[in-house]
Amino acid sequence: MSVFFGAHNIISPLGYTSRENFEALVNGKSALQKHSFSFSEKPFFCSKINEAELDKRFSWLANPKEYTHLEKLCTLSVKDIVTQSGIDLRDKNNLLILSTTKGNIDILENKYPDISPQRAYLPELAKTVGDFFKTKNAPLVVSNACISGLLAIIIAKRFIENKNYKNIIVCGADLVSEFTLSGFKSFNAMSDEACKPFDKNRTGINLGEAAASILLSEDKLSNISILSGASANDANHISGPSRTGDGLYQSVSETFKAAGKNTVDFISAHGTATDYNDEMESVAFSRAGLSTIPLNSLKGYYGHTLGAAGVLESIIAIQSLSENTLIKSLGFETPGTVEPLNVITQTKKTELKSCLKTASGFGGCNAAALFEKI
Amino acid sequence: MEVQEIIKNLKSQIVEQLNLEEVKPEDIDADAPLFGTGLGLDSIDALELIVLLEKNYDVKIEDPKESKAVFASVKTMAEYIAAHSK
Amino acid sequence: MPQLYLKKYKLENFIVTYCKIKNKSVSLNGELFFEGSQNDDLTAFLGRLYKKTELNYPKFFKMDKLCKLGILATELVIRNTPDFGTFSKNEIALVYSNNASSLESDRTHANAIADKQNYFPSPSVFVYTLPNIVLGEIAIKHKITGENAFFVSEHFDAELMYSYTNILLKTKNAASVLCGWVNVDGPNAEAFVYCVKNLNFKQENGLDEYPDQKTHNSKNIQHLYSL
């Protein structure tokens, strides 16, 4: 049976709807800006959502003082899905899946004196968001590093196909925080400039803040479906990817095999702009015979949004399919990977029927999924 | 500080900072390569050594590309510290 | 003739091995393997279990408590699954879960960056601030390259473990799935790791049956967890 995509939402500095976000990308607008933080001498390039604006919008739903920044993002994002689709999460056939790497990590930074520190636990965060929608089923939480969002989509597809649920909303979200900025800095992974995925002069990642939600269903809610998906572990190193791209290659091969396909119209890659990640992706895609397929990374627009990335970037890929528009891979100027890639250098209209989405993360994990428009 | 003195301290600090539980500081050969063979340190260990230099010796490696040479062995680390200590 | 026909089309999967660690007591397939001292803190307990298990794996000492716990429980399960070595590595899935995610390491990193006078965030601490790293450590040690999933829930969710594992066994032709609950929160540590074998998967030199194997369903999973 087919599993279809339905309503979707993105909340980022580029806007509070998927449409606003997609239009911003088409117009070459980036969410990345220099932001100063009290704990750092140097400012960071990152994308951060304005708190005052978020609170203003959230105040239509509930008291902003009673929710954390992340909870407000998730609730607003899921609310948009519910409003668009009419899906009722009080129905036992419907499920909410949350994808996040760090959840309310700002609770550990003592940001909310009036909110229970228990909300630092991911199930408590999920319960808070779930309670707002009076979900019949306790929301599931997927926390699997940077593949969380894409993996949550694949998990949703599997549950629907297996008839465990009829409709699943997947919501991915993560914060930009001192916690993650300082951590990635200790890894020497942060770029001082706007990041340059796949570029010869890339110097590392930017972090980004976002929430993104998408509905998957057994009903034909749109003409775009998820054909297949897979995850695999490199079994190589807990932070460095396999130099031969083993896990990503396996995920991609299994995805194609399960769908009975061997090629695709474009690739929405992970492209974090670290030396090793981008190199690894070029090797994996080359092994899979995909070196000439138009490819982009959206990290040049949003930064790395961690738990939100897989969902946010899938939504942009789905809109690319709908609108027959390839989005330029922002930040790329000069080829800089050991294996060649066909990086998209200009946003343009062209007929598109299928897309391969991939993600990779700490812990050696990788995931891939195939989306198709009928 | 004398290079020999630094070497002695570095050996225990490395064992502690990198959680090399089954290694005795006195068994570390100051001239042996730290990476590849011997202690078999990896990329995260390399980053931890940068932190070790800052934390214990107030020495910062400005250019990450220098790291390979600096961390070639305990001796090269000690020499770098001696040369850059304030 | 009918007997053979039934065996060929048997659709059940089986829990073949399980390990439970709670209150510093370690049991394997329901039998006591190691009783730790209540005077030991968690790190000391894990160190003693490491010795008792004869893990012989120096990387253990770089791990945080969550990964140490997960690696040990999984090691015991794998060692006591005699034909584990006959499974194809890319057909073994890891489906784990817990309640506290990586909060232990999160707190360590948060404390390191709270002290502005002594500001030295450690990459080897930061890398463990993700719960799925335990899957990575298990994958690296045993060269397991199949599907991964890490779920975070309030309590151990036997129904979730069962349904997702079942899907992987059916649709991904997974030869086996290592599942479980590995949770560390302050001084409290609990693990329940088990191996589910797809007995439709005919491996050369594989075992047809395990003594005490339990049919893979949520009732049996919950029962073994609660023992």
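Below, the figures for the structure above:
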{"read-out": "Fluctuation leader among C:Asn217, C:Asn132, C:Asn188 - chain C, Gaussian network, Cα springs under 10 angstrom", "value": "C:Asn188"}
{"read-out": "DSSP-assigned coil residues among trypsin sites (Lys or Arg not before Pro) in segment A:68-141, each with at most 12 further Cβ atoms within 10 Å", "value": "A:Arg90, A:Lys92, A:Lys134"}
{"read-out": "Choice from A:Gly289, A:Gly310, A:Gly172 showing the highest fluctuation, given a GNM over chain A with Cα pairs closer than 10 Å", "value": "A:Gly289"}
{"read-out": "Under DSSP loop assignment and at most 16 Cβ neighbours within 10 Å, longest GluC sites (Glu not before Pro)-free interval of chain A", "value": "A:194-332"}
{"read-out": "Whole-number D in µm²/s for the protein assembly as shown (Stokes-Einstein; Kirkwood sum over Cα pairs; 37 °C, 0.692 mPa s)", "value": "128"}
{"read-out": "Relative compactness, segment C:32-167, computed as alpha-carbon Rg over 2.2 N^0.38 Å", "value": "1.16"}
{"read-out": "Cut-off 20 Å, label 7 Å out along Cα→Cβ of A:Gln84, residues of segment A:212-239 by amide N", "value": "A:212-227"}
{"read-out": "Among C:Gln117, C:Gln213, C:Gln38: highest mean-square fluctuation, GNM of chain C, C-alpha pairs under 10 Å", "value": "C:Gln117"}
{"read-out": "Principal axis box of segment A:84-238, alpha-carbon based, largest edge first, Å", "value": "46, 44, 32"}
{"read-out": "Whole-number D in µm²/s for segment C:87-207 (Stokes-Einstein; Kirkwood sum over Cα pairs; 37 °C, 0.692 mPa s)", "value": "207"}
{"read-out": "Segment A:224-373: C-alpha pair distances exceeding 29 Å, %", "value": "6"}
{"read-out": "Inter-label distance, nm, simple model (7 Å from Cα along the C-beta direction), C:Lys59/B:Asp27", "value": "2.0"}
{"read-out": "DSSP H segments from chain A that extend 15 Å or more along their own axis, Cα-based, with Kyte-Doolittle mean of -1.0 or above", "value": "A:69-85, A:122-132, A:148-161, A:246-259, A:309-323"}
{"read-out": "Quarter of Cα convex hull surface for segment A:18-156, i.e. mean projection, nm²", "value": "10.0"}
{"read-out": "Per residue convex hull volume, Cα atoms of segment A:239-307, in Å³", "value": "102"}
{"read-out": "Semi-axis lengths, Å, segment A:185-261, gyration tensor of Cα atoms, sqrt of 5 times eigenvalues", "value": "31, 21, 12"}
{"read-out": "Ratio Rg/Rh, restricted to chain B and using Cα atoms, in which Rh is the Kirkwood radius", "value": "0.91"}
{"read-out": "As computed over chain A, the Cα convex hull volume per residue (Å³)", "value": "120"}
{"read-out": "For chain C, convex hull volume per residue from C-alpha positions, Å³", "value": "125"}
{"read-out": "Given charges at Cβ of Lys, Arg, Asp, Glu: the protein assembly as shown dipole, positive-most of B:Val3, A:Ser231, A:Phe362", "value": "A:Ser231"}
{"read-out": "C:Asn148 long-range amide H proximity, modeled H, under 5 Å", "value": "A:Ser231, A:Ala232, C:Leu94"}
{"read-out": "Residue-averaged [θ]222 nm for chain A, counting only DSSP H segments that reach four residues, each worth -39500 (n - 2.57)", "value": "-9500 deg cm²/dmol"}
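Quick note: the coordinates plus some simple rules give every number you see, no bench work behind them. Predicted model, so just to flag it, every value in this text is computed and none were measured. A quick note on method: Cβ atoms are made from the backbone with ideal geometry, for glycine too, and the neighbour counts reach across all protein chains shown.
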